[in-house]
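Colleague: Starting off with a structure, shown below.
The values are calculated or read from the model by the stated rules, or taken from the named source; none is laboratory data. Treat the numbers as computed from the prediction; the structure is a model and nothing was measured. Here the Cβ positions follow ideal geometry from the backbone for every residue, glycine too, while neighbour counts run over all protein chains shown. The accessibility values were calculated without ligands, DNA or RNA, using every heavy atom of the protein model including side chains. Shrake-Rupley method; radii C 1.70, N 1.55, O 1.52, S 1.80 Å.
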Amino acid sequence: MFTRKPLTLPPQLQWQYQDEPALAEWSLKARPYNTDIANGIFAFFLLGQLPLLVWFLSTQGGSLKEQVLAGVFLYVFTMSGVVSMTHQKTKFAYRLTASGLEFCEWKAFPEWLPTLLKWLAVITGVVMLMLVMVHPAALIGAIAGPGLIGLMYLRMGTSSQFRKMHEQFHQGFHPWNDFTKMIAFRRRSIIGLDFTYFNPQADEGKGRMIDTDRLIYCRKSRYNELIRIIRARLPDSTPYEEAYIQIYA
């Protein structure tokens, strides 16, 4: 689920308590959503589309070689889109000091994506042209497939709005006395720290206190160490439990 190498931190990131010695600091990529649902969707497409492809291609005629070639192309093309939706990752950085928890989460526009789409358009164009030579009806697919991918590539390459949609930067800080409860979700190596804050927009602008949590994504190799460090900084009366954390994002 996580990468092992430390990430290059954003240049605009300045730790608020950088003069204090770090009790722990780390950075990683993680999937900040319910991975059970995402993995279920991935498995459904991974296995579920096979009988549909076999049935669809059998109705199109052509030799077995042509059907296999078209089936492999459609399968890889579909699964590439599925993986891009079900396995998105966000970058996180954390720093623990005597004053509290500092965190940063960010996404940068994947510069490799336009290049990938460009080559995908070329490859799909070649495959479709090969199919057109043996089955003229594939011309529609040749236009729809490479044509749409090419337009998408041009759109991504020239649209600043598209890039902004795929970029984010959020930095924050919590003093240790903010937290009212600690939960360890061992299966995903996540630490949840409950806290409350005042939301002035709640209740039609009247405002009220909101109960929420701060999720800390950890590497499995350092998970127990981080639990020990954080528990040592929290007030002795802070409840601690090991349980499942529902992630709604």
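Colleague: Keeping every protein chain in place, order ILE37, ILE247 by accessible area at 1.4 Å, biggest value first, i.e. largest first.
Modeller: So, going from the largest accessible area down, we get ILE37, ILE247.
Colleague: Report in % the part of the accessible area of region 1-51 that belongs to carbon and sulfur, leaving out ligands and nucleic acids; probe 1.4 Å.
Modeller: Exposed carbon and sulfur together represent 61 percent of the surface.
Colleague: A follow-up question, please. Once the other residues with Cβ under 12 Å from the Cβ of THR212 are scored (Lys, Arg +1; Asp, Glu -1), what is the net sum?
Modeller: Summing Lys and Arg as +1 and Asp and Glu as -1 gives -2.
Colleague: Let me ask something else about it. Structure shown: which of LYS89/LYS181; LYS181/LYS206; LYS107/LYS206; LYS91/LYS181 lie over 29 Å apart, alpha-carbon to alpha-carbon?
Modeller: LYS107/LYS206
Colleague: Continuing with the same structure: In square angstrom, rounded to the nearest 10, how much accessible surface does TYR17 have for a 1.4 Å probe?
Modeller: It works out to around 70 Å².
Colleague: Which order do you get for LEU69, LEU52 if you rank them by accessible area with a 1.4 Å probe, largest at the top? Before the final figure, lay out each step's value.
Modeller: On the way: LEU69 75, LEU52 110 Å².
Ranked from most to least accessible, the order is LEU52, LEU69.
Colleague: Still on this structure: Can you give the accessible area of ASP203 in Å² (nearest 10), computed on protein heavy atoms with a 1.4 Å probe?
Modeller: Accessible area, nearest 10 Å²: 80 Å².
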